[in-house]
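*Asks:* Here it is, the structure in full.
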Amino acid sequence: MRRRDFITLVGGVTAAWPLAARAQTIPIIGFLAQGTPDEGAALLSAVRKGLGEANLIEGRDFTSEFRWAQNDAVRLPGLAAELAQRHVAIIVVLDTQTAARAAKLATNKIPIVFSFGADPVKAGLVESLNRPGGNITGISTMSLDLGAKWVGLLHELLPSARRFAVLVNIETADAARSLITGVQQGALPTGLQTEIVFASTASELEPAFAGLGARAQALIVHPDVLFLRNREPLAALAIREKLATISTVQGFAQAGGLLSYGSDFVEAHHQAGLYVARILKGEKPGDLPVQRATKFNLVINLKTAKAIGLDIPAMFQARADEVIE
């Protein structure tokens, strides 16, 4: 081999070594979601915002892998296992408690950061809120613990009501158990009766609502991916049945529901992104307390109130963070 060719070969190999080494050391963030890329776009953007604030830039400091269950919860365990087998540096759960449970079952070593509405202690995901332990932590919007509060808001608007209904996705009924308990406890002091109505697909919404307005005066909507995806037809059905509705589902009041009351799910994912950055920089997930929502927003849709013949008192409107006219 000529000297010049040898020098060129060695120089090329030397230049390639740092790139190969760098490619091996850039961590992979695995994103797991029960929903679809469109439904998770705002949440993903919020996580990336948190990472950016910690000066972690995609392509330079980390790469991403995505697993979307396309609203088929049965696929979640397999998708979580795929991420674990890829040896990602961390798994970020973008939406549901079901997805978080799948991630935890897939690995007890890879750090996991979640953001969802349930109490993670009651869900068996962490040992305690202050000291989660193990490989998992995150943010809880506590939306499934707002049942009694929702009953109180609806009863304030409908003091003579005798029955409230609760719409639940039967496929995730276990996750809704604390919501149902809260609703029933909130209803007891007022003498209200409660009825549980189930739907597991969009096609089951119409039969679930059939005649519901004759049996109940208000409807509490379980914050589930199914109802998030179908919030506009769901709100239209409630208006048809003259039902006052409330949910923490993002954009529910904007889609035609009467009331939305809950914490900011997008902001929760921003906080999750900050946690992801801290873990990538060396902190242990089990040492990071589960953060809980402290600010809750009330949104009122006056157009819907008019459509169902309900007058919203000015004092009630004054408490709202947003009024849609």
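*Asks:* For region 70-85: of the residues being at pLDDT below 95 and not polar (S, T, N, Q), which is nearest to V276 (Cα to Cα)?
*Replies:* Here is the first cut: in region 70-85, the ones at pLDDT below 95 are 70-74.
Going one step further and asking which of them are not polar (S, T, N, Q), we end up with 72-74.
Working: D72: 26, A73: 24, V74: 26 Å.
So the residue we want is A73.
*Asks:* Can I ask one more? If you go through region 308-325, how many residues are farther than 13 Å from L157 by Cα and outside any loop (DSSP other than H, G, I, E, B)?
*Replies:* 4
*Asks:* Is it the case that A305 is part of a loop (DSSP other than H, G, I, E, B), of a type outside the set (S, T, N, Q) and surrounded by 18 or more Cβ atoms within 10 Å (Cβ to Cβ)?
*Replies:* It is false that A305 is part of a loop (DSSP other than H, G, I, E, B), of a type outside the set (S, T, N, Q) and surrounded by 18 or more Cβ atoms within 10 Å (Cβ to Cβ).
*Asks:* Same structure, new question: Considering only region 106-128, state which residues are open to solvent by 20 Å² or more (accessible area, probe 1.4 Å) and within 21 Å of L280 (Cα to Cα).
*Replies:* Across region 106-128, the qualifying residues are A106, N108, K109, I110, P111.
*Asks:* For region 251-286, give me each residue that is part of a loop (DSSP other than H, G, I, E, B) and either crowded, with 22+ Cβ neighbours inside 10 Å or on the phi > 0 side of the Ramachandran plot (or both).
*Replies:* G251, F252, A253, G256, G257, L258, G282
*Asks:* Next question, about the same structure. What pairs can you find where one residue is in region 251-270 and within 18 Å of L154 (Cα to Cα), the other is of a type in the set (K, R) and buried (at least 20 other Cβ atoms within 10 Å of the Cβ), and their Cβ atoms are less than 6 Å apart, with a gap of 6+ or different chains?
*Replies:* Sorted first by the residue in region 251-270, then by its partner, the pairs are F252/R231.
*Asks:* Quick check on region 73-91. Is at least one of its residues without any contact (Cβ under 8 Å) to a residue 40 or more places away in the chain and surrounded by 24 or more Cβ atoms within 10 Å (Cβ to Cβ)?
*Replies:* no
*Asks:* Right, here's the next one. Return the pairs, sorted by first residue and then second, in which the second residue is open to solvent by 20 Å² or more (accessible area, probe 1.4 Å) and assigned to a helix (DSSP H, G or I), the first residue lies in region 220-237 and is farther than 16 Å from I300 by Cα and in contact (Cβ under 8 Å) with a residue 12 or more places away in the chain, the beta carbons are less than 6 Å apart, and the residues are 6+ apart or on different chains.
*Replies:* Pairs found: N230/A202.
*Asks:* A further question follows. Can you tell me which residues in region 231-248 are in a loop (DSSP other than H, G, I, E, B) and open to solvent by 10 Å² or more (accessible area, probe 1.4 Å)? Quick ask: steps written out before the conclusion?
*Replies:* Start the filter on region 231-248 by keeping residues that are in a loop (DSSP other than H, G, I, E, B), which leaves 241-243, 248.
Across region 231-248, the qualifying residues are E241, K242, T248.
*Asks:* Counting just the residues of region 45-57 that are open to solvent by 80 Å² or more (accessible area, probe 1.4 Å) and over 21 Å from the mean Cα position of the chain (by Cα), which one comes out farthest from I28 (Cα to Cα)?
*Replies:* Here the answer is E53.
The values are calculated or read from the model by the stated rules, or taken from the named source; none is laboratory data. These figures come from a predicted structure and were not determined experimentally. Neighbour counts are summed over all protein chains in view; Cβ atoms, including those assigned to glycine, are modelled from backbone coordinates with ideal geometry. For the accessible areas, the whole protein counts, side chains as well, though only heavy atoms, and no ligand, DNA or RNA atoms are used. Shrake-Rupley method; radii C 1.70, N 1.55, O 1.52, S 1.80 Å.
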